[in-house]
Amino acid sequence: MRIVCPFCGERELGEFTYLGDAKPVRPTAGASEDEVFDYVYLRDNIAGVMSENWYHGGGCRAWLKVTRNTLTHEISAVEPAAGAGAAKVGA
Amino acid sequence: MKYSIFSLARAALSGHKNWQPTWRDATPKDRYDVVIIGGGGHGLATAWFLASEYGIRNVAVLEKGWIGSGNAGRNTTIIRSNYGLPGNTGFYELSMKLWERMEQDLNYNSMVSQRGVINLYHSDAQRDAYARRGNTMRINGIDAELLDLAAVKKMIPFLNYDNARFPVQGGLLQRRGGTARHDAVVWGYAHAASGLGVDIIQNCEVTGFIRDANGKVTGVETSRGRIGAGKVGMAVAGSSSRVAAMAGLRLPIESHVLQAFVSEAIKPLIPGVMTFGAGHFYVSQSDKGGLVFGGDIDGYNSYAQRGNMPVMEDVCEGGMALMPMIGRVRLLRQWGGIMDMSMDGSPIIDKTPVDGLYLNAGWCYGGFKATPGSGFVFAHLLARDTPHEEAARFRLDRFRAGAMIDEKGQGAQPNLH
Ligand SMILES: Cc1cc2nc3c(=O)[nH]c(=O)nc-3n(C[C@H](O)[C@H](O)[C@H](O)COP(=O)(O)OP(=O)(O)OC[C@H]3O[C@@H](n4cnc5c(N)ncnc54)[C@H](O)[C@@H]3O)c2cc1C
Ligand SMILES: [Zn+2]
């Protein structure tokens with residue numbers, strides 16, 4: 001598996017770190033216990049196309065949003081993630 | 001059939017042409033008291049203990065592929081009970097005790113080999129952590145020995161003791177740990193369970209749940225038709241999220257790939273199972289001579305059942321750090337298996353919020369050694385509707401309740417466990 005970083009070009013997997021499913025959105029300060037539990041612990045764990053957060057630590061050090069098929073490892077899109085850090089991604 | 005020295009001799013004298021199939025390949029009935037989804041080690045062990053311990057024999061095990069096609073036949077076969085946290089310690093020891101009598105119980109040679117498991121340590125802090133774990137084990141009646149450098153050198157003289165960065169300082173040894181022949185474990189359970197009347201149904205994929213007006217699960221839809229059930233137990237290893245989703249459940253689980261590697265056969269070298277504590281590398285030698293080894297998971301969600309290069313490289317580097325002389329040994333085979341990684345790295349054995357549906361999931365690195373114990377406690381749960389005391393902490397709601405069993409102290413980040 002290789003990832004085409006929008007800033008650095010095609011690089012080998014070892015340069016990147018995985019954060020996980022990009023879908024869960026950090027709850028706001030007033031969120032209920034259920035919402036926090038859901039965000040921290042529950043996952044769709046998709047068998048198929050999934051949107052996920054990767055960090056290009058061995059390159060430009062940007063957070064990326066990668067669209068990848070978990071059944072085949074095929075990557076269909078890589079975009080810069082919103083915001084600067086993991087906590088802000090998708091927020 | 002019953003195996004004995006005479007049955008072996010008889011088969012040998014007749015040119016090994018008269019062996020009988022070891023279990024009945026059953027066709028599904030309309031209804032069972034208990035239906036188990038997943039014909040891996042855990043599902044089959046559950047069925048065996050339901051029949052042998054709890055007297056429930058109207059049981060079916062439904063397997064979408066063939067017996068042993070999942071992780072039961074893909075793992076590196078290590079068994080041990082050297083866990084430190086309450087919940088794990090007692091459970092894995094229960095499992096170890098069942099390994100020790102498995103062959104007699106099942107009348108099947110699963111080649112349980114207690115050749116010893118040693119975890120090497122490379123720093124003072126790691127020694128202290130291992131000493132503590134060893135003490136926890138001994139307090140709980142489990143064997144553990146903390147070895148110093150001289151003792152390790154005597155036992156494993158060929159390690160690289162000149163590694164300046166990760167010097168071997170000693171190790172924590174569990175002599176009762178070791179390996180078992182993974183395929184024979186599933187064949188043995190299938191053989192014994194089938195002998196007690198359990199139906200083992202291969203090529204039968206569960207595609208949905210049948211539910212009554214109150215939402216209770218009353219059966220399953222399968223590729224071979226509808227099958228009614230008093231209770232349904234899931235033991236589908238890396239497919240837990242997918243099967244649970246058919247009942248509308250979301251789980252605290254991600255699916256990750258773990259790779260295994262086998263080298264060409266060499267003369268006997270590795271005495272038992274060794275783990276390199278400064279990285280993640282574990283190795284044993286199969287009875288055929290191949291070095292069997294592995295390391296970390298690949299680190300991202302996967303259902304692809306194959307791994308990627310960075311982990312291969314990392315695993316081989318771990319091996320080379322410990323034993324530079326294996327650098328000229330050729331790698332023969334490599335494969336991947338899909339495992340459940342739960343949010344704290346520990347298993348889940350519990351009723352689900354859906355009436356009639358029971359869950360056995362979240363098995364990561366520890367799932368093979370857990371096979372007999374998992375079957376025993378899951379059968380208990382299915383038969384009695386209360387958790388077995390050694391599995392009472394493997395609750396599904398422990399994440400919400402803050403009662404995690406996080407051996408590695410990594411928090412809710414499955415790829416780091
Ligand atoms: C490479 C590797 C090395 C490992 N090494 C070790 C080790 O050394 N020691 C250790 O303790 N553990 C190890 N493990 C972990 C261990 O192998 C697993 O946790 C354990 O085998 C899982 O339980 P199981 O045997 O029941 O799973 P499986 O054998 O995977 O059984 C689950 C079964 O469910 C079936 N199934 C799935 N969905 C459906 C459906 N819808 N309908 C019907 N059937 C279905 C699958 O086909 C499968 O056969 C390793 C795992 C891997 C991948
Ligand atoms: Zn980059």
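The values are calculated or read from the model by the stated rules, or taken from the named source; none is laboratory data. Note that this is a predicted model, so its numbers are computed, not measured. Please note: Cβ atoms are built from the backbone with ideal geometry, for glycine as well, and neighbour counts cover all protein chains shown.
The residue that is surrounded by the most Cβ atoms within 10 Å (Cβ to Cβ), counting only those in region B:284-303 that are in a strand (DSSP E or B) and within 13 Å of chain A (Cβ to nearest Cβ), is B:Asn301. Do we have B:Ala260 as away from chain A (no Cβ under 14 Å), within 14 Å of ligand 1 (Cβ to nearest atom), modelled with pLDDT of 95 or more and not in a strand (DSSP E or B) here? The answer is no for B:Ala260. For region B:325-367, a residue qualifies if it is of a type in the set (Phe, Trp, Tyr) and either buried (at least 24 other Cβ atoms within 10 Å of the Cβ) or in contact with a Lys or Arg (Cβ under 7 Å, 6 or more places away or on another chain) (or both), and the qualifying residues are B:Trp335, B:Tyr358, B:Trp363.
Here B:Phe281 meets each of (1) under 25 Å from A:Glu15 (Cβ atoms); (2) within 14 Å of another protein chain (Cβ to nearest Cβ); (3) touching a strand residue (DSSP E or B) at 6+ places or on another chain (Cβ under 6 Å) with one exception, condition (2).
With respect to B:Gly277, is the statement that it is within 24 Å of B:Gly116 (Cβ to Cβ) and either surrounded by fewer than 19 Cβ atoms within 10 Å (Cβ to Cβ) or modelled with pLDDT under 95 (or both) true? Spelling it out, B:Gly277 is indeed within 24 Å of B:Gly116 (Cβ to Cβ) and either surrounded by fewer than 19 Cβ atoms within 10 Å (Cβ to Cβ) or modelled with pLDDT under 95 (or both).
A search for C-beta distances below 8 Å between a residue of region A:52-67 that is on the phi > 0 side of the Ramachandran plot and any residue that is away from ligand 1 (no atom under 16 Å from the Cβ) and modelled with pLDDT of 95 or more, counting only pairs 6+ apart in sequence or on different chains, returns A:Arg61/A:Tyr55.
Candidates B:Asn75, B:Asn58: the one that is away from ligand 2 (no atom under 16 Å from the Cβ), of a type outside the set (Phe, Trp, Tyr) and either under 30 Å from B:Asn163 (Cα atoms) or within 14 Å of chain A (Cβ to nearest Cβ) (or both) is B:Asn75. Does any residue of region B:394-412 turn out to be away from every other protein chain (no Cβ under 14 Å) and modelled with pLDDT of 95 or more? Scanning region B:394-412, I find at least one residue that is away from every other protein chain (no Cβ under 14 Å) and modelled with pLDDT of 95 or more, so the answer is yes.
Taking the condition of a type outside the set (Gly, Ala, Ser), facing chain B (nearest Cβ under 10 Å) and within 16 Å of ligand 1 (Cβ to nearest atom), does A:Asn69 pass?
Considered against the rule, which asks whether it is of a type outside the set (Gly, Ala, Ser), facing chain B (nearest Cβ under 10 Å) and within 16 Å of ligand 1 (Cβ to nearest atom), A:Asn69 comes out as no.
Residues in region A:3-23 that are in contact (Cβ under 8 Å) with a residue 24 or more places away in the chain, more than 9 Å from ligand 2 (Cβ to nearest atom) and not in a helix (DSSP H, G or I): A:Val4, A:Thr17, A:Tyr18, A:Leu19, A:Gly20, A:Asp21, A:Ala22, A:Lys23. B:Asn109: in contact with a helix residue (DSSP H, G or I) (Cβ under 8 Å, 6 or more places away or on another chain), in contact (Cβ under 8 Å) with a residue 40 or more places away in the chain and closer than 17 Å to B:Gly277 by Cα, yes or no? No.
Scanning region A:24-59 for residues that are within 15 Å of ligand 2 (Cβ to nearest atom) and surrounded by fewer than 17 Cβ atoms within 10 Å (Cβ to Cβ) gives A:Gly57, A:Gly58, A:Gly59.
Restricting attention to region B:263-273, the residues that are part of a strand (DSSP E or B) and either buried (at least 18 other Cβ atoms within 10 Å of the Cβ) or small (Gly, Ala, Ser) (or both) total 3.
Of the numbered criteria (1) under 29 Å from B:Ala192 (Cα atoms); (2) within 11 Å of ligand 1 (Cβ to nearest atom); (3) surrounded by fewer than 20 Cβ atoms within 10 Å (Cβ to Cβ), the one B:Ala370 fails is (3).
When region B:248-262 is limited to residues that are under 25 Å from the mean Cα position of the chain (by Cα) and surrounded by fewer than 22 Cβ atoms within 10 Å (Cβ to Cβ), the one that is farthest from ligand 2 (Cβ to nearest atom) turns out to be B:Leu249.
Selection over region B:37-82 of residues that are of a type in the set (A, V, I, L, M), near ligand 1 (Cβ under 6 Å from one of its atoms) and more than 11 Å from the chain's Cα centre (by Cα) gives a count of 2. Has region B:119-128 got any residue that is in contact with a Ser or Thr (Cβ under 8 Å, 6 or more places away or on another chain), modelled with pLDDT of 95 or more and not aliphatic (A, V, I, L, M)? Yes, the conditions are met somewhere in region B:119-128. Each residue in region B:17-36 was checked for being hydrophobic (A, V, I, L, M, F, W, C) and within 13 Å of ligand 1 (Cβ to nearest atom), and 2 of them qualify. Any idea which residue in region A:1-14 is farthest from ligand 1 (Cβ to nearest atom), counting only those that are within 14 Å of chain B (Cβ to nearest Cβ) and closer than 13 Å to A:Val66 by Cβ? Once the filter is applied, the top-ranked residue is A:Arg11.
Candidates B:Lys29, B:Lys97: the one that is of a type in the set (D, E, K, R), away from ligand 2 (no atom under 16 Å from the Cβ) and more than 19 Å from the chain's Cα centre (by Cα) is B:Lys29.
The residue list A:Ala22, A:Ala47, A:Ala31 contains one member that is at the interface with another protein chain (Cβ under 9 Å from one of its Cβ atoms) and of a type outside the set (Ser, Thr, Tyr), which is A:Ala47. Screening region B:21-140 for helices (runs of 4 or more DSSP H) wholly inside it with 1 or more residues that are surrounded by fewer than 16 Cβ atoms within 10 Å (Cβ to Cβ) returns the ranges B:88-106, B:124-139. When restricted to residues that are within 26 Å of the chain's Cα centre (by Cα) and more than 14 Å from ligand 1 (Cβ to nearest atom), region B:207-246 contains 1.
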